[in-house]
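Just so it is clear, none of the values below were taken in a lab; they were calculated from the coordinates. Every value quoted in this text rests on a predicted model; they were computed, and no experiment measured them. Every residue, glycine among them, receives a Cβ derived from its backbone with ideal geometry; neighbour counts consider all protein chains shown.
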Amino acid sequence: MSDDAWKREVEQLLAQVKLKHQPAFAQLYDLTNAKLYGLILKIIPDEAIAADVLQDAYSKIWFQAEQYRADLGSAWSWLCQLTRNQAIDRLRQRNRLKETSEDEAPESYSADTSGLWPEHLDLGRCLQAIRAEQQQVIISAYIHGWSHSELVERFDAPLGTLKSWIRRGLKELRECLEA
Amino acid sequence: MLRSLRYQNPIIREHLASQYAMGLLLPTVKRRVEKLMDQDPSFAKEVVQWQERLSPLNDIPKPVAAPAFVKEQLMARIHSNTNAPVIRNNWWQSLRVWQGLVMASLALVVVLIVQPFNTPMPAVAKLSYLAVMQSPFSQDEAPLIISAYGKTDNAPSRLELRWNDRVTAVDLQASTLWAIERETGNLTQLSQLTPNDLSIDLNADQWSAVKNSLELVLVRGTEFDGEVILRGICLQLADWVG
């Protein structure tokens, strides 16, 4: 199934979930659980906690589906934001640095050679256009859900500098995407 | 209400929207931003635009199949919550279910008493189904009752819409009424409504959809993925005894 067809199916299933259709909800789960669980595991590597967060996230999807506005954004983005929020909230409740290796270096993400962007050439191109440290901090913060203070430790940079990388990087990304 | 001028500043709004989408806000700020999203649709739109811009990053992590027990527990959880009575926070809220039933009963009594005198039809149509339509976002009284009458020799099956006089009527402009089938969850479009619709004739398929429906749902627009305006469980009414 192409990425577009997959996202259309997610869209249609979420529309039925809004109407409290349980079989559609089960189908939506089957279609999306691996991707959302993968997202959560990047933020919370502990599989048991990640599974618990996944269950909470889908529970919210069921009970709060009416809040999704198809006229504003895609169903898949909404599902991801809700799931990431759930994972990040859980993360903030715990002391994350105790759960993971303290000397874990930031994973390196490349916007030009990783092949991560076949369906998203625009974002890949724009990430390539911004400075490398901005790119790394933005992707790491997004994927791992790291807070500012965690980013300071992992990138060994002053807080002000990090915030500036993120702020400027996002601004340049937006300008590039809208150009 | 978050009406501070600070939140009207476009630079601050842009910053908050992007940081929210990134997941970088402190919990207290995040809660304020979520409140602002509820109150300010244009700000909610800014947040969604940022979510869309960053959405391709969600495809970076490799998919990992979730443990099987998650789905089992999840389905059990939503099933029990869907079928069990909702636990209310206080005694007044707990009356809401009874308010609905009282409204439905009153409507039924009024309809049964008034119908024989008002109806131009020689044969009295039987009131068979009733849905007390409630906003999913409101704790107020139900604003609308939809009654379903079977066909007679002289008239087709029909739905009748009656507003609750104590509640402000909901704008039904460009809305569509759907029936959700009890067993399969399939959707049947019953009618596109206008504000003046008080009676809707049904064909055989539509009547069958009402008969077999779990719920009637009023949705903004012509597609079922629009905003849900009102919804109500479709009750099947027993015959009078005696």
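Hey, got the average number of other protein chain Cβ atoms within 10 angstrom for residues in A:13-23?
Numbers: counts 0, 1, 6, 6, 2, 8, 12, 10, 9, 5, 4.
Per-residue shielding by partner chains comes out at 6.
Listing A:TRP6, B:TRP50 from the residue with the fewest other Cβ atoms within 10 Å to the one with the most, what is the order?
Working: A:TRP6 14, B:TRP50 23.
So the residues, fewest neighbours to most, are A:TRP6, B:TRP50.
Would you mind checking A:LYS18/B:LYS151; A:LYS60/B:LYS35; A:LYS60/A:LYS171 for any pair whose Cα atoms are more than 28 angstrom apart? Working shown, then result.
Working: A:LYS18/B:LYS151 32 Å; A:LYS60/B:LYS35 17 Å; A:LYS60/A:LYS171 31 Å.
Those over the limit are A:LYS18/B:LYS151; A:LYS60/A:LYS171.
Mind sorting B:ARG231, A:ARG174, B:ARG182 by how few other Cβ atoms lie within 10 Å of their own Cβ, fewest first?
Working: B:ARG231 21, A:ARG174 16, B:ARG182 13.
Lowest to highest Cβ neighbour count: B:ARG182, A:ARG174, B:ARG231.
So for B:PHE43, B:PHE137, fewest C-beta neighbours within 10 Å to most, what's the order? Show your work: numbers first, answer last.
Numbers: B:PHE43 20, B:PHE137 11.
Lowest to highest Cβ neighbour count: B:PHE137, B:PHE43.
Would you mind pulling out the separation of the Cα centroids of segment A:152-177 and segment B:136-163, in Å?
If we compute the Cα centre of each part, the gap is 57 Å.
Whole-Hz Karplus ³J(HN,Hα) for segment A:131-144, in order, using 6.51 cos²θ - 1.76 cosθ + 1.60 and θ = phi - 60°, x for Gly and Pro?
5, 4, 5, 5, 4, 5, 5, 5, 5, 5, 4, 5, 5, 9
Quick one: which residues, 5 or more positions from B:LEU214 or on another chain, have an amide H under 5 Å from its amide H? H modelled 1.01 Å from N in the peptide plane, none for Pro or chain starts.
When sequence neighbours closer than 5 places are left aside, the close amide H contacts are B:ILE180, B:GLU181, B:ARG182.
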